[in-house]
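Student: Please find one structure pasted underneath; my questions will follow.
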Amino acid sequence: MYGGANNVVWGGHVFSPVNQPSPPMGSGHFPKDGLQNKSAYFKDTQIWDNVHLIYPQPDQLVASSGRPNCYETKLTSGVAPNPMDFYYGGPGQCNLTANNEV
């Protein structure tokens, strides 16, 4: 990206028809179900700035889920030089109505 960026965003999306249960995301397991043993993940998350690999600092990251009862996210930080792991997923099974309500 020429000229730089102020933010980097990773995200995911699942789809189901209205009045149908939402599908699983990732492995279908919440991060709390077992991290590397069950949950889907990105390991040693880094950003390339055309010169260096940058390891995001934990206080600069936000993990969120628009449907936390169906899908979750979790960040963990390791040892130097601050590798960051990002875990995500869930079983889904949320029923959305025409008004996008769970």
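Student: Given the structure, is residue 36 closer than 18 Å to residue 5 by Cβ and out of contact with any helix residue (DSSP H, G or I) (no Cβ under 9 Å at 6 or more places or on another chain)?
Tutor: Judged against the criteria, residue 36 is not a match.
To keep it simple, each residue is scored yes or no on (1) at positive phi; (2) in contact with a helix residue (DSSP H, G or I) (Cβ under 9 Å, 6 or more places away or on another chain); (3) surrounded by 11 or more Cβ atoms within 10 Å (Cβ to Cβ).
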site	(1), (2), (3)
6	no, no, no
9	no, no, no
17	no, no, no
23	no, no, yes
28	yes, no, yes
32	no, no, yes
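Student: Same structure again: So, in segment 81-102, of the ones that are part of a loop (DSSP other than H, G, I, E, B) and either within 21 Å of residue 9 (Cβ to Cβ) or of a type in the set (Asp, Glu) (or both), which residue ends up modelled with the highest pLDDT?
Tutor: 83
Student: Which members of segment 51-80 meet the condition of being assigned to a loop (DSSP other than H, G, I, E, B), surrounded by 10 or more Cβ atoms within 10 Å (Cβ to Cβ) and at pLDDT below 75?
Tutor: 55, 56, 57, 78 - these are the residues of segment 51-80 that are assigned to a loop (DSSP other than H, G, I, E, B), surrounded by 10 or more Cβ atoms within 10 Å (Cβ to Cβ) and at pLDDT below 75.
The values are calculated or read from the model by the stated rules, or taken from the named source; none is laboratory data. Because the structure is a prediction, the values reported are computed rather than measured. Cβ sites come from the backbone with ideal geometry, for glycine too, and all protein chains shown count toward neighbours.
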